[in-house]
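The structure appears below as structure tokens.
The values are calculated or read from the model by the stated rules, or taken from the named source; none is laboratory data. In this text, all values refer to a predicted model and were calculated from it rather than measured experimentally. Glycine gets a Cβ as well: all are built from the backbone with ideal geometry, and neighbour counts include every protein chain shown.
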Ligand code: FAD
Ligand code: EPU
């Protein structure tokens, strides 16, 4: 029987029993028993401090576009709901972590600021993108990130510039209970028409190579150094391999798609089959790119 949560935590806005299918782009998973949605940084801090005091493990959720959730989750989940205000200082743009990632790229384009075109097709939140050091078409967040603000696992507020070693391919130091609150990108004044043309080109490429019409969580495995996970899976003949409603996409082999009623267990099994077959055929150990949550 899970123990009751303390009053200090329950003062933070929250909902109960929310299906992860509604909180993630893949659309699978059990119930999020406790979803906390602070609307201010102070409330987020109160959440973390209350969890620390009680010795409760917690998770941070953004747009749920890089997540496979297996089963129900009793642990409190924090999903920031900060005001969607952007701050511009010269060519620098600061966004709250809960701001939509694609919406930020669009806002930058509208303001004639260049540098976030790569982000224009990457769903989720700004916080998730910083945590994952999201990237596409040869660019990633660390190329433009000049400051970030976050809560430490103890709930202290820190704002700093990134340092060497803190961000690399699809990885950052912002794990282990750190909560990104906002990020500042250093962009360049540019011609809005050119920025829009670049965004359109990236969208076109994405539209022809990725299964955007079906529910998915982006690429499932990281690209091994110098190789493409998609190509390795494709060469293993796994496109179209289906377990229940979970399938290796016919359009891009590193995407697993949900045809509607897939379960988390089906995705877990499909990921394992793909990983094993690629290891047998190519001798390459694929590492998940998605985050996997289980109790
Ligand atoms: P979530 O999925 O909610 O969370 C991912 C991880 O970030 C979790 O560990 C979570 O705890 C953590 N997290 C979330 N918010 C915070 C926060 N505020 N503070 C600390 N940690 C946090 N990714 C790419 O890099 N490049 C691509 O080209 C790309 N294309 C995609 C295309 C599609 C169609 C889809 C569905 C996904 C794609 N992705 C891509 C994957 C995904 O969109 C990115 O990883 C995205 O940045 C995740 O953000 P999110 O808010 O959805 O994070
Ligand atoms: N390929 C195949 N078969 C496939 C898929 C790809 O042969 O089924 C080949 C392509 O023909 C191409 C090569 O593999 O020659 C690379 O494919 P692609 O250009 O689609 O890029 P990717 O390496 O598979 C990466 C990122 C994507 C990002 C794109 C564009 C990873 C794991 N994936 O994909 O990011 O959108 O580049 O920059 O790094 C994500 O992280 O979730 C994601 C979607």
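Restricting the search to the stretch 114-131, which residues are in contact with a strand residue (DSSP E or B) (Cβ under 7 Å, 6 or more places away or on another chain) and within 11 Å of ligand 1 (Cβ to nearest atom)? Walk me through it before giving the result.
Going residue by residue through the stretch 114-131, those that are in contact with a strand residue (DSSP E or B) (Cβ under 7 Å, 6 or more places away or on another chain) are 114-116, 118, 121-122, 125-127, 130-131.
Once the filter is applied, which keeps residues that are in contact with a strand residue (DSSP E or B) (Cβ under 7 Å, 6 or more places away or on another chain) and within 11 Å of ligand 1 (Cβ to nearest atom), the stretch 114-131 yields 118, 121, 122, 125, 126, 127, 130, 131.
Can you go through 184, 175, 152 and tell me which one is out of contact with any strand residue (DSSP E or B) (no Cβ under 8 Å at 6 or more places or on another chain), touching a residue at least 12 places away in the same chain (Cβ under 8 Å) and surrounded by fewer than 23 Cβ atoms within 10 Å (Cβ to Cβ)?
Details: 184 fails: out of contact with any strand residue (DSSP E or B) (no Cβ under 8 Å at 6 or more places or on another chain); 152 fails: out of contact with any strand residue (DSSP E or B) (no Cβ under 8 Å at 6 or more places or on another chain).
Unique residue meeting the criteria: 175.
Looking at (1) closer than 22 Å to residue 215 by Cβ; (2) assigned to a loop (DSSP other than H, G, I, E, B); (3) in the same structural domain as residue 17 (by TED's automatic domain parsing), which one does residue 69 not meet, given that it meets all the others?
Unmet for residue 69, out of (1) closer than 22 Å to residue 215 by Cβ; (2) assigned to a loop (DSSP other than H, G, I, E, B); (3) in the same structural domain as residue 17 (by TED's automatic domain parsing): (2).
Mind listing just one residue for me: the one in the stretch 199-227 that is surrounded by 15 or more Cβ atoms within 10 Å (Cβ to Cβ) and away from ligand 2 (no atom under 13 Å from the Cβ) and, of those, nearest to the chain's Cα centre (by Cα)?
For the stretch 199-227, the residue satisfying everything is 215.
Out of curiosity, is residue 230 in a strand (DSSP E or B) and either surrounded by 18 or more Cβ atoms within 10 Å (Cβ to Cβ) or in contact (Cβ under 8 Å) with a residue 40 or more places away in the chain (or both)?
Numbers: in a strand (DSSP E or B): no; either surrounded by 18 or more Cβ atoms within 10 Å (Cβ to Cβ) or in contact (Cβ under 8 Å) with a residue 40 or more places away in the chain (or both): yes.
Judged against the criteria, residue 230 is not a match.
Scan the stretch 273-280 and tell me whether some residue there is modelled with pLDDT of 95 or more and within 21 Å of the chain's Cα centre (by Cα).
no
Does the stretch 32-44 contain any residue that is at positive phi, buried (at least 22 other Cβ atoms within 10 Å of the Cβ), assigned to a loop (DSSP other than H, G, I, E, B) and touching a residue at least 40 places away in the same chain (Cβ under 8 Å)?
No, the stretch 32-44 contains no residue that is at positive phi, buried (at least 22 other Cβ atoms within 10 Å of the Cβ), assigned to a loop (DSSP other than H, G, I, E, B) and touching a residue at least 40 places away in the same chain (Cβ under 8 Å).
Each row is one residue, and each column tells you yes or no for (1) out of contact with any helix residue (DSSP H, G or I) (no Cβ under 7 Å at 6 or more places or on another chain); (2) assigned to a loop (DSSP other than H, G, I, E, B).
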residue	(1), (2)
162	no, yes
175	yes, yes
183	no, no
196	no, no
206	no, no
211	yes, yes
224	yes, yes
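So, residue 68, is that one at pLDDT 95 or above and within 16 Å of ligand 2 (Cβ to nearest atom) or not?
For residue 68, the condition - at pLDDT 95 or above and within 16 Å of ligand 2 (Cβ to nearest atom) - is met.
Residues in the stretch 237-285 that are in a helix (DSSP H, G or I), over 12 Å from residue 26 (Cβ atoms) and free of Cβ contacts under 8 Å to residues at least 40 places away in the same chain: how many?
6
Please tell me if residue 111 is more than 30 Å from residue 221 (Cβ to Cβ) and either within 14 Å of ligand 1 (Cβ to nearest atom) or surrounded by fewer than 18 Cβ atoms within 10 Å (Cβ to Cβ) (or both).
Yes: the conditions hold for residue 111.
Quick check on the stretch 93-116. Is at least one of its residues on the phi > 0 side of the Ramachandran plot and within 14 Å of the chain's Cα centre (by Cα)?
no
Grab the strands (runs of 3 or more DSSP E) fully contained in the stretch 80-153, keeping just those with 2 or more residues being touching a helix residue (DSSP H, G or I) at 6+ places or on another chain (Cβ under 7 Å).
By residue number, 92-96, 145-151.
Please count how many residues of the stretch 45-56 are in contact (Cβ under 8 Å) with a residue 24 or more places away in the chain and surrounded by fewer than 16 Cβ atoms within 10 Å (Cβ to Cβ).
Qualifying residue count, the stretch 45-56: 3.
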